[in-house]
1. How many residues does region A:73-88 hold that are within 11 Å of chain C (Cβ to nearest Cβ) and either over 14 Å from A:Asp159 (Cβ atoms) or touching a Phe, Trp or Tyr at 6+ places or on another chain (Cβ under 6 Å) (or both)?
2. Could you check how many residues of region C:235-279 are over 28 Å from C:Asn173 (Cβ atoms), part of a loop (DSSP other than H, G, I, E, B) and in contact (Cβ under 8 Å) with a residue 60 or more places away in the chain?
3. If a residue has to be at the interface with chain C (Cβ under 9 Å from one of its Cβ atoms), part of a helix (DSSP H, G or I) and not hydrophobic (A, V, I, L, M, F, W, C) to count, how many in region B:88-118 make the cut?
4. Failed condition for C:Thr210, given (1) of a type in the set (Ser, Thr, Tyr); (2) more than 26 Å from C:Pro138 (Cα to Cα); (3) surrounded by fewer than 24 Cβ atoms within 10 Å (Cβ to Cβ), with all others met?
5. I need the full set of residues from region A:24-82 which are among the polar types (S, T, N, Q) and away from ligand 1 (no atom under 16 Å from the Cβ), in order please.
6. On the given criteria, is C:Thr228 outside any loop (DSSP other than H, G, I, E, B) and crowded, with 24+ Cβ neighbours inside 10 Å?
7. Among the residues of region C:251-286 satisfying the criterion of being within 9 Å of chain B (Cβ to nearest Cβ) and surrounded by fewer than 17 Cβ atoms within 10 Å (Cβ to Cβ), which is modelled with the lowest pLDDT?
8. Counting only residues that are among the polar types (S, T, N, Q), surrounded by fewer than 18 Cβ atoms within 10 Å (Cβ to Cβ) and not in a loop (DSSP other than H, G, I, E, B), how many does region B:122-161 have?
Amino acid sequence: MSLLDAQGLYAGYGGVDILRNTHLRLGADEIVVIVGPNGAGKSTAMKAVFGLVPIREGRVHYQGEDITNRPPERMVTRGIAYVPQEANVFPSLSVLENLELGAYALRGDHRPRLEKVFEIFPRLKERRNQQAGVMSGGERQMVAMGRALMVEPRLLMLDEPTAGLSPRLIDETFERIREVNQLGIGVLMVEQNARQALAIADRGYVLATGENRYEDTGPALLANPEVAEMFLGG
Amino acid sequence: MDLAGLLAYGLFFLNLVGIYAIMALGLNMQWGMTGQFNIGIAGFFAVGAYTSAILTTGPSPTWLGGFDLPFLLGLAATVLVCLPIAWLVGRITARLRTDYLAIATIGIAEIIRLFFLNEGWLTNGVRGIPGIEKPLGTGNGGYLLIVTAFVALIWLLVEMARRSPWGRVLRAIRDNEPATAAAGKDIARFRLQAFVVGSCIMALAGGLYAHFVGFVSPEAFRPLYGTFLVWVMLIAGGSGNNLGAILGALVVWLIWSSTEMLAGVLPTDLIGSESAFRVFLIGVLLQIILVSRPQGMLPERRPPMPGEPR
Amino acid sequence: MVEVIQLLINGILLGSILALGAVGATMIFGVLRFAHFAHGDFMAVGAYFALSVVTVFNLPVLAALPVAMAATAGLAVAIDQLVYRRIRRVQPVILLISSFATALVLRSLIQMIWGSSNQVYQTGIQLPWRIGPFTLKPDHLLIFLAATGLVITVHLFLTRTRLGKAMRAMSDNMNLALITGIPADRVIMATWAIGGALAAAAGVFLGMDTRLHPVMGWTLLLPIFAATILGGIGRPYGAIFGGLVIGCAMELSTLIIPGSYKPAVAFAIMVATLVFRPQGIIKGTV
Ligand SMILES: Nc1ncnc2c1ncn2[C@@H]1O[C@H](COP(=O)(O)OP(=O)(O)O)[C@@H](O)[C@H]1O
Ligand SMILES: [Mg+2]
């Protein structure tokens, strides 16, 4: 059984469909990457899966359960965490508070989870009393991912986690994503740095104007000349 | 009430409806068309009322009177005096977000009120300015003709403005400011223009009011209630719709007047103060409209875009 | 110099009252994204609730304070549930208009229930303390201490409790708060409750310092918004700072301009802030 299975999604803003018959599937422990040109509807697809954009038609199943159009609160308690593309930290709160709030919807002691996040991102432990808003882009991205990991998700959804980062930080971020995945967390991510992302991905989707164009394993998509020409800069 | 009394009351009533309708049209220019939140209506209204009062009354030892200008010149002056004030206020506030503009306009109205209250040499302070006359010795009936003419004139002007390319830009700013800015429109300039025009219309209403009641004082307008009633009128009538603004003025003033009768028949022990009870009812009415029919009685109908079938 | 210091003392007193109002207003502004025009009238309602407790049970004002705060908190939550909640999804400006209506409804209710004339909690004149050339009324010290206590309580709530942190988070980034699974409805209710309670306290203190009348709150609304904007919208600590600055500026202004223009000073500071530093002295969250 797949961890996430979205079939025939139609969704958009103010009655205009952006997604048209989009489908996405993710097995447990997989890293799946969505690539595609700007405005293709990649972010919209993520939001629709997470219940932030209403799905007009189609269904989303998570671990076999229908979660179509559930409120985000319910997604979180089911073990799905989502890091949006922009504005993904609470800027006036400290790093520690950002992380603590990540676990808001969960009961129980969150200290063990906090330790686990600090293990993955030691830098956050060092800077835990820092205001998130004044940190560098790379650090903010770590805070955002750390916040999402605080719910001990089974599925982590990342929207362009490397946008605006330096090449060195991009490498490091992908490395962290691999580590997270090795903990048994499925990762669904949208990426502009398609080459590197597909290199670590198990499978990938190419989305254009809200429709599925190609889907294949990461290496196969990388090797596909049409995909390369369209989205990977030749 | 006998027939003559009823007729007299009707004339009195309709005069005020007309004056409020003009204010509602002015607000519609700012809020309905451009999305500017002005709750300082009473301030501009007061500017108009005082301007005409000072310029058209005879000499007085206690305030700056004695200009003795004719009625129409007094009214023209309301616009001329309001113009620089509104321009200055608009200049400062044109870039502000809706909620900041709202806060700023209360402040402006408050300062205008304080000014009229404290600068006794100009305005006679709390005692106010009496003896403002209607033109040509008309009574309420004759004056109603004048007020109606002004309502019609202002309606024509704002309706033409609404259908003009200029009005389309205003609406575009209201509905989607970033896109309008991206289309190369100078948002601040259009906003400023709408604000000034709307405020001057309110000042004109103030002038008409002063000559109707014959007396102005800082408390005569009950500043906040005046502003509030105009808002209720526009929202109830349908913001964005100029006929709606006029209809709203009529209906809300009718309700407002009938609350007076209702307050009259209810025992005072039950309702405490009569005027408070009326404001309470109107406030509740506005809440009900906002919750159940925010588009008002006559919802906005957009004029067709060029080339679009009617 | 003596005069300046005396005015500063008065300014700090007025400032603490403004700060209490502004903290609630800024939190409501931050979490719900609209300027709540009935905030001044919450103050007045709170002051009158306390008056009823004082007269009916013959209690001292400070004993009536918690009752007034609780009652106003309940009223604020009730108004939100009854009115604001229903129009929240439409447009923030509709909320603005609605809060304007709430302000007038509350004020007219006060006039209907408690009357329009001036009232006081306590008749008789308090003997002021003379400290050197300065005078200080015992009430003033009481007000200052109680306001400080409340501000510290709010601080602890915002920084030490889950709900408090969630409130700051919502004010910071509403969308992310939703994504994180923070229950918006509960946080909004808590925001109203706290805003209402603090406004009531401000109203009671204002009533102790001066007198009660139905427009007592409305006259302070402008200075409160000025404090909110100066301190950066959505920033409780900024609001405290803003309240103190505005309070002192209003009192000190009487050195150079007639006292009747005091509200204009708050307004001038506010406009200057909006024009030169619209995000507030400390950058706001909205
Ligand atoms: N909040 C929104 N309201 C209306 N349209 C939107 C909104 N967000 C995105 N869109 C539109 O949806 C389309 C897809 O956007 P998005 O999903 O963000 O694309 P991508 O992430 O692939 O770059 C774009 O045309 C964009 O303009
Ligand atoms: Mg995107």
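1. Result for region A:73-88: 7.
2. 0
3. Number of matching residues: 7.
4. (2)
5. A:Gln63, A:Thr68, A:Asn69, A:Thr77
6. Yes, satisfied.
7. Top of the filtered list is C:Pro278.
8. 1
The values are calculated or read from the model by the stated rules, or taken from the named source; none is laboratory data. Because the structure is a prediction, the values reported are computed rather than measured. All Cβ positions, glycine included, derive from the backbone under ideal geometry; neighbour counts span all protein chains shown.
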